[in-house]
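The values are calculated or read from the model by the stated rules, or taken from the named source; none is laboratory data. Everything quoted here is computed from the prediction, not taken from an experiment. When we count neighbours, we look across all protein chains shown, and the Cβ atoms used for this are built from the backbone with ideal geometry, even at glycine. Remember, those area values only see protein heavy atoms, side chains included, never the ligands or the DNA or RNA. Shrake-Rupley method; radii C 1.70, N 1.55, O 1.52, S 1.80 Å.
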Amino acid sequence: MSYARIAGTGSCLPGEPVSNDELVARGIDTSDRWVVERTGIRTRYLAPVDLCTSDLACTASQRALEAAGIGANDIDLVIVATSTPDFIFPSTAALLQSKLGMTNGSPAFDVQAVCSGFIYGLSVAEKFIRSGSHKRALVVGAEIFSRILDWSDRGTCVLFGDGAGAVVLEAAESPGIHASALHADGSHNQILCVPGGIASGQITGDPFLRMDGPAVFKFAVKVLGDVANEVIVQAGLCVDAIDWMIPHQANIRILQATAKRLGLPMEKVIVTVGQHGNTSAASIPLALDLAVRDGRIQRGQRVILEGVGGGFTWGAVLLEF
Ligand code: ACO
């Protein structure tokens, strides 16, 4: 049985960074001080109206393919994690496949696990590759969360941003991915949700993101600590053997509390929430690509990627880069 390793990474952020002061100038009842103190967020990127999630996914994917030194038709599996698809259907993965010019008939589908979506997608792709059925997967996290925010709700609209990150995962003789764990507990579905839909040509329910912030905070810190430990144990390692951790970038205080719970120094945690805000399924591959390109993450180093999001869902992957 073969293993799966990351052959290349890429990412895409739309337009220019938008500061907290810029949000105030646009009429949001907040302040740079409040947002920085509570969340660590200083800027986020907001997609212009003419860009779709699949456009961001396409640019991130092209960069990952280039980094891996392969073309789109060398990919035999496409998985896109998103909660903000271009359409109800076809899937964003199918649209991405078309935008990349892929003509080889590879399967393409979306994964919906909100902010854990990239971890879910990566785990699923690893299982395809380890089974021997597929050789090279493109796994993407892409979001335009700005379109599901209630811009009159200052408790949520300041937290999120848009972007995409992608990896090429390919079969290898040695790991690669050492361990992975996925979880969900649907009984917490109401603490972070967009409780709306479309029926008979009308919006039903509420089409905006709603969140019980303190409940999410508590839940996230607990499960991010637990699931990181779970993959460390599964891989037969101890926390000191971890070179880098990339948690879902929701809030600097969640990242700090998770690192503390694990006994991992913050110097080993990749932090992008200050620049990107919370980009949901895109946050982990965006942070990974940034740290690979700026030289912090090197080949052979051990990295934990971990996510938590609406559902509630959570999961982690421990890999040797
Ligand atoms: N600017 C200024 N004041 C604000 C803002 C804002 N943007 N938002 C809320 N406030 C005010 C509230 O109105 C409240 O005022 P009051 O005391 O006069 O009523 C006060 O700030 C405190 O509000 P809380 O909601 O209690 O603030 P809290 O300290 O809990 O921080 C936060 C809110 C940042 C959302 C926090 O709960 C949190 O970090 N939760 C985690 C949620 C998270 O990160 N979610 C991201 C998505 S989840 C995920 O990705 C897994």
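The condition of being under 17 Å from the mean Cα position of the chain (by Cα), on the phi < 0 side of the Ramachandran plot, small (G, A, S) and open to solvent by less than 30 Å² (accessible area, probe 1.4 Å) holds for only one of A241, A181, A172, A259, that being A181. Whether any residue in the range 157-164 is more than 16 Å from the ligand (Cβ to nearest atom) and open to solvent by less than 40 Å² (accessible area, probe 1.4 Å) is what I want to check. Yes, that holds for at least one residue.
May I ask you to verify whether A64 is closer than 26 Å to G309 by Cβ, touching a Gly at 6+ places or on another chain (Cβ under 8 Å) and assigned to a helix (DSSP H, G or I)? Spelling it out, A64 is indeed closer than 26 Å to G309 by Cβ, touching a Gly at 6+ places or on another chain (Cβ under 8 Å) and assigned to a helix (DSSP H, G or I). Within the range 21-50, the residues that satisfy the criterion of being within 30 Å of L100 (Cα to Cα) and buried (at least 16 other Cβ atoms within 10 Å of the Cβ) are T43, R44, Y45, L46, A47.
Taking the condition assigned to a helix (DSSP H, G or I), within 11 Å of the ligand (Cβ to nearest atom) and touching a residue at least 12 places away in the same chain (Cβ under 8 Å), does V24 pass? Explain how you work it out, then say what you get.
Values: assigned to a helix (DSSP H, G or I): yes; within 11 Å of the ligand (Cβ to nearest atom): yes; touching a residue at least 12 places away in the same chain (Cβ under 8 Å): no.
Answer is no for this residue.
Inside the range 195-208, residues that are open to solvent by less than 60 Å² (accessible area, probe 1.4 Å) and either in contact with a Leu (Cβ under 6 Å, 6 or more places away or on another chain) or touching a residue at least 12 places away in the same chain (Cβ under 8 Å) (or both) make up a count of 3. Do we find that Q298 is in a loop (DSSP other than H, G, I, E, B) and over 22 Å from A47 (Cα atoms) in this structure? In short, yes.
L149 satisfies every condition listed in (1) within 16 Å of V80 (Cβ to Cβ); (2) within 12 Å of the ligand (Cβ to nearest atom) except (1).
Screening G15 against (1) modelled with pLDDT of 95 or more; (2) over 18 Å from the mean Cα position of the chain (by Cα) leaves a single unmet condition, (1).
This table checks each residue for (1) within 29 Å of E320 (Cα to Cα); (2) touching a Ser or Thr at 6+ places or on another chain (Cβ under 8 Å).
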position: N189; (1), (2): no, no
position: G201; (1), (2): no, no
position: D212; (1), (2): no, no
position: A215; (1), (2): no, no
position: A241; (1), (2): yes, no
position: I252; (1), (2): yes, yes
position: L255; (1), (2): yes, no
position: T258; (1), (2): yes, no
position: L262; (1), (2): yes, no
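Among all residues of the range 43-56, there is at least one that is in a loop (DSSP other than H, G, I, E, B), over 16 Å from V140 (Cα atoms) and within 17 Å of the chain's Cα centre (by Cα). If the condition is being open to solvent by less than 40 Å² (accessible area, probe 1.4 Å), over 19 Å from the mean Cα position of the chain (by Cα) and more than 12 Å from the ligand (Cβ to nearest atom), then the range 209-238 contributes I232, A235.
Find the residue count for the range 260-272, including only residues that are assigned to a helix (DSSP H, G or I) and within 21 Å of D289 (Cβ to Cβ).
Of all residues in the range 260-272, those assigned to a helix (DSSP H, G or I) come to 260-262, 266-268.
Still in the list and also within 21 Å of D289 (Cβ to Cβ): 266-268.
Here the count works out to 3.
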